[in-house]
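Novice: Mind having a look at this structure? Questions to follow.
The values are calculated or read from the model by the stated rules, or taken from the named source; none is laboratory data. Please read these numbers as outputs of a predicted model, since none were measured by experiment. Don't worry about glycine lacking a Cβ; one is built from the backbone with ideal geometry, like all the others, and counts go over all protein chains shown. SASA here: full protein model, heavy atoms, side chains in, ligands and nucleic acids out. Shrake-Rupley method; radii C 1.70, N 1.55, O 1.52, S 1.80 Å.
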Amino acid sequence: MQYRELGRTGWKVSTISFGAWAIGGTWGDVKDDESLAALHRALDLGVNFFDTADVYGDGHSEQLLAKLRKERSEKFYVATKAGRRLNPHVVGGYNRKNITGFVERSLKNLEVEALDLLQLHCPPTEVYYMPEMFDALDDLVKQGKLLHYGVSVEKVEEALKAIEYPNVKTVQIIFNIFRQRPMDLFFGEAIKRKVGILARVPLSSGMLTGKMTRDSSFQTDDHRLFNRNGESFDRGETFSGLDYETGLQAVEELRPLVPVDSSMTQMALRWILMFPAVTCAIPGAKRPSQVEENVRAADQPPLSDEAMGQIRDVYERLVRPHVHQCW
């Protein structure tokens, strides 16, 4: 495992970390025993950073991480998120009272006195233009309920605005082979401000594992079935906003670029780590075998300049017209 500094938090975190959305829900069948085995295997392999949210399984993902902490002695960091419990999810819900209530609930679920890292959970764009929201987060730090805070965003515009607030330590943003826009401007600005970048949806909802086909089926509670056009939340969260057939076509063009003794999953994750601005990628996993494949990407050799150029070419030709200016 490799480690990088997470912005100004003072932490060094595993470059391949653990996204805990899948063990909470909306990814098909999941079993707690298997989820906990995956979490334990991650720790075994050097993962020390876990990303969750209060809405993943209505808090169940947080509770599983609390159980992990009881069962292991190793130190690890948990980032959670707040805001998506609002119903409706609107700008007016982002206020001091609500965010404090969400934090109190996560403290209870995680069984801690202070959250390691709280992230606003993809709020509406207008929230980033509300200084009072970030003042409330500052106060929660002063009260000892948070150690650090950051944001999880949908759009580059939101990321750029968020890091204008001096105490935003991290930005979680979709960055993968199919979503390359963050590197154009945002990465440079984040480096200037020493903001940690967490690359979410690194495998494009599993499309970049290379294991999907036109005949793949998804269960009714799997967002890859019910959210392809943004029916339940932002379309960009599912397959990076890319049409399923186009994604499959792009994957086939990427397949010959996979290095010997590697997998497409590992190439896709290693591609993300080619960018020093990124602290870590946070692929999800429901089983120990998935954790093992993900983690091996951290120790893969760098991709060649030729491979990087060919990957960029696939993006420019097949993907960019559909996604680049949307997020």
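Novice: What single numbered condition from (1) of a type in the set (Lys, Arg); (2) in contact (Cβ under 8 Å) with a residue 40 or more places away in the chain; (3) in contact with a helix residue (DSSP H, G or I) (Cβ under 6 Å, 6 or more places away or on another chain) fails to hold for Lys169?
Specialist: (3) is the only condition that Lys169 fails.
Novice: Any residue in the range 212-235 that is in contact with a Ser or Thr (Cβ under 8 Å, 6 or more places away or on another chain) and within 16 Å of Ile173 (Cβ to Cβ)?
Specialist: no
Novice: Mind listing just one residue for me: the one in the range 195-246 that is of a type in the set (D, E, K, R) and under 17 Å from Val156 (Cα atoms) and, of those, modelled with the highest pLDDT?
Specialist: Looking at the filtered set, the residue picked out is Arg200.
Novice: Looking only at residues that are surrounded by 14 or more Cβ atoms within 10 Å (Cβ to Cβ) and among the hydroxyl-bearing types (Ser, Thr, Tyr) in the range 182-226, which one is farthest from Pro259 (Cα to Cα)?
Specialist: Ser205
Novice: For Val141, are the conditions met, namely being within 15 Å of the chain's Cα centre (by Cα) and without any contact (Cβ under 8 Å) to a residue 40 or more places away in the chain?
Specialist: No.
Novice: Could I ask something else about it? Quick one: which of Lys145, Lys108 is at pLDDT 95 or above, of a type in the set (Lys, Arg), surrounded by fewer than 18 Cβ atoms within 10 Å (Cβ to Cβ) and more than 28 Å from Pro182 (Cα to Cα)?
Specialist: Answer to the check: Lys108.
Novice: Are any of the residues in the range 216-223 without any contact (Cβ under 8 Å) to a residue 40 or more places away in the chain, in contact with a helix residue (DSSP H, G or I) (Cβ under 8 Å, 6 or more places away or on another chain), closer than 25 Å to Ile311 by Cβ and not β-branched (Val, Ile, Thr)?
Specialist: Scanning the range 216-223, I find no residue that is without any contact (Cβ under 8 Å) to a residue 40 or more places away in the chain, in contact with a helix residue (DSSP H, G or I) (Cβ under 8 Å, 6 or more places away or on another chain), closer than 25 Å to Ile311 by Cβ and not β-branched (Val, Ile, Thr), so the answer is no.
Novice: So, in the range 166-181, exactly how many residues are over 26 Å from Arg270 (Cα atoms) and either among the small types (Gly, Ala, Ser) or open to solvent by less than 30 Å² (accessible area, probe 1.4 Å) (or both)?
Specialist: Result for the range 166-181: 1.
Novice: Still on this structure, please answer the following. So, in the range 7-59, how many residues would count as being out of contact with any strand residue (DSSP E or B) (no Cβ under 7 Å at 6 or more places or on another chain), closer than 19 Å to Arg72 by Cα, of a type in the set (S, T, N, Q) and part of a loop (DSSP other than H, G, I, E, B)?
Specialist: Residues flagged as out of contact with any strand residue (DSSP E or B) (no Cβ under 7 Å at 6 or more places or on another chain), closer than 19 Å to Arg72 by Cα, of a type in the set (S, T, N, Q) and part of a loop (DSSP other than H, G, I, E, B) within the range 7-59 amount to 0.
Novice: Only one of these is in contact with a Leu (Cβ under 6 Å, 6 or more places away or on another chain), in contact (Cβ under 8 Å) with a residue 40 or more places away in the chain, more than 30 Å from Ala37 (Cα to Cα) and open to solvent by less than 30 Å² (accessible area, probe 1.4 Å): Ala250, Ala281, Ala268. Name it.
Specialist: Ala250
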